[in-house]
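The values are calculated or read from the model by the stated rules, or taken from the named source; none is laboratory data. Every value quoted in this text rests on a predicted model; they were computed, and no experiment measured them. Cβ: placed from backbone, ideal geometry, glycine included. Neighbour counts: every protein chain shown. Just the protein is used for accessible areas: all its heavy atoms, side chains included, with ligands, DNA and RNA removed. Shrake-Rupley method; radii C 1.70, N 1.55, O 1.52, S 1.80 Å.
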Amino acid sequence: MSDRLQQLTLFVRAVEAGSFSKAAREFGVSQPSVSRNIAELEERIGVKLLLRTTRKLMPTDAGRVFFKQAKDILSGLDEAESAARGADSLSGVLRLALPVAFGTREIAPLLRPFLERHPALTIDMLMADRFEDLVAEGVDMALRLGRQPDSSFVARRLASARRLIVASPDYLARRGAPTTPAELAQHDCLRGPSDPHTESWSFKHGDTVTSVAVNGRVRVSSASGLIACAVEGLGLALVSLWMCRTELAAGRLMPVLSDYSLNPVDAYAVFPGGHQPSHKARALTEYLANALRSEL
């Protein structure tokens with residue numbers, strides 16, 4: 001029976017990753033071992049499950065049907081074990097994808113109480129500023145900021161943080177602080193990952209919404225880089241409170257245009273579509289929803 005479960009597990013991950021070698025690296029076995037296990041699986045059930053090419057693995061029609069059933073079986077087994085141990089006894093590995101700055105600044109400091117509560121649980125954090133392919137990476141859940149356009153995933157909003165315009169004391173001493181959004185035209189405005197193609201920033205003051213064109217000589221592809229550039233006095237930056245809390249407290253950044261508000265940014269827990277999130281993922285989601293709200 002253990003061989004059959006191993007074959008199911010390797011087959012599911014090979015299909016998700018589209019590669020024997022990637023599945024082998026994840027489970028710490030050789031690529032020939034993965035290939036042999038899946039060949040034995042196909043021989044046992046008498047059906048061709050995968051089409052192998054030099055570049056990618058593709059499931060056959062029978063393989064797609066088998067993949068869905070196998071994944072449901074493995075998910076059900078995980079849920080059964082969790083239910084038997086109880087809600088306070090999570091174990092195994094939870095693979096979590098999340099942005100670098102958000103993960104470093106906000107999520108990592110929150111994890112210790114959760115891990116102390118679940119000593120048999122391991123969290124594998126995949127930090128990247130690009131959106132991971134949750135299925136190919138075998139991710140249990142992802143944390144994402146902003147609107148979620150992919151409707152094939154299940155998403156739950158965890159918390160919202162206000163956004164603000166910030167600059168370093170040095171920049172404000174040299175250039176002065178804008179008192180109205182219109183004055184941004186005379187300032188260097190840093191462009192970050194949340195607005196790489198947007199040529200204007202929108203503000204609300206009472207019932208009035210104002211959009212102003214912004215210009216700047218620096219564009220940054222990461223939130224951490226955007227904050228670093230603002231701290232160095234390269235210009236004004238539009239950021240969320242999650243991204244600049246430390247610098248504000250230390251006085252390395254200062255808010256401007258505080259009488260005007262910007263649309264907040266939402267944090268979401270996102271789960272691969274097609275199946276129920278695991279018990280581990282649901283538990284971490286609930287914990288983070290409470291922790292993030294209490295931090296704001």
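What does the charge count near LEU50 come to, summing +1 for each Lys or Arg and -1 for each Asp or Glu among other residues with Cβ under 11 Å from its Cβ?
Result for the local shell: +3.
Name the residues whose placed amide hydrogens come within less than 5 Å of the amide hydrogen of THR122, ignoring near sequence neighbours (fewer than 5 apart) on the same chain.
Hits under the 5 Å cutoff: GLY92, VAL93, LEU94.
Could you calculate the FRET efficiency of ALA249 with SER91 from 1/(1 + (r/R0)^6), where r is the beta carbon distance between them and R0 is 45 Å, rounded to 0.05?
That pair, ALA249 with SER91, gives E of 0.75.
Give the dimensionless ratio obtained when the Cα radius of gyration of the stretch 138-296 is divided by 2.2 N^0.38 Å.
Cα Rg divided by the expected 2.2 N^0.38 Å: 1.16.
In Å², and per residue, what accessible area does the chain have when probed at 1.4 Å with the other protein chains present?
Ligands and nucleic acids excluded, the result is 51 Å² per residue.
Ignoring ligands, DNA and RNA, please state the percent of accessible area on the stretch 208-260 from carbon and sulfur, probe 1.4 Å.
52 percent
Provide, as a two-decimal number, the C-alpha radius of gyration of the stretch 166-231 over 2.2 N^0.38 Å, N being how many residues it has.
1.14
Return, for the Cα atoms of the stretch 234-296, the radius of gyration and Dmax in Å, separated by a comma.
Considering the stretch 234-296 through its Cα atoms, Rg and Dmax are 16.4, 46 Å.
Averaging over all projection directions, find the projected area of the Cα convex hull of the stretch 22-61 and quote it in nm² with one decimal place.
Mean shadow area of the hull around the Cα atoms is 3.1 nm².
Please report, as a whole percent, how much of the solvent-accessible surface of the stretch 17-71 comes from carbon and sulfur atoms (probe radius 1.4 Å).
That fraction is 56 percent.
Going by average Cβ density within 10 Å per residue, which order do the peptides 219-227, 61-69 take, highest to lowest?
Those peptides, ordered most packed to least, come out 219-227, 61-69.
For the peptides 123-129, 237-243, what is the packing order when you average, over each peptide's residues, the other Cβ atoms within 10 Å and list the highest mean first?
Result, highest mean Cβ count within 10 Å first: 237-243, 123-129.
Show me the ranking of peptides 165-178, 26-39, 91-104, 199-212 by mean Cβ neighbours inside 10 Å, starting with the highest.
Packing proxy ranking, top to bottom: 91-104, 165-178, 26-39, 199-212.
What helices does the chain have that are whole DSSP H segments, at least 18 Å long along their own axis by Cα, and with mean Kyte-Doolittle hydropathy of -0.5 or more?
Passing helices, by number: 2-17, 61-85.
Between rounded, prolate and oblate, where does the stretch 1-122 land on the alpha carbon gyration tensor, with a ≥ b ≥ c its root eigenvalues, rounded for a/c under 1.5, else prolate if a/b exceeds b/c?
Verdict is prolate for the stretch 1-122.
Please give, to one decimal in nm, the separation of the simple spin-label points placed at VAL100 and ARG52, each 7 Å out from Cα toward the Cβ.
3.7 nm
Hey, any idea what Rg/Rh is for the chain, computing Rh the Kirkwood way over Cα pairs?
Computed over Cα atoms, the ratio is 1.08.
Considering only the other residues whose Cβ falls under 15 Å of the Cβ of ALA177, what net charge follows from Lys and Arg at +1 and Asp and Glu at -1?
For residues surrounding ALA177, the net value is -2.
Give the Cα extents of the stretch 1-50 along the principal axes, in whole Å, largest first.
For the stretch 1-50, the Cα spread along each principal axis is 27, 21, 16 Å.
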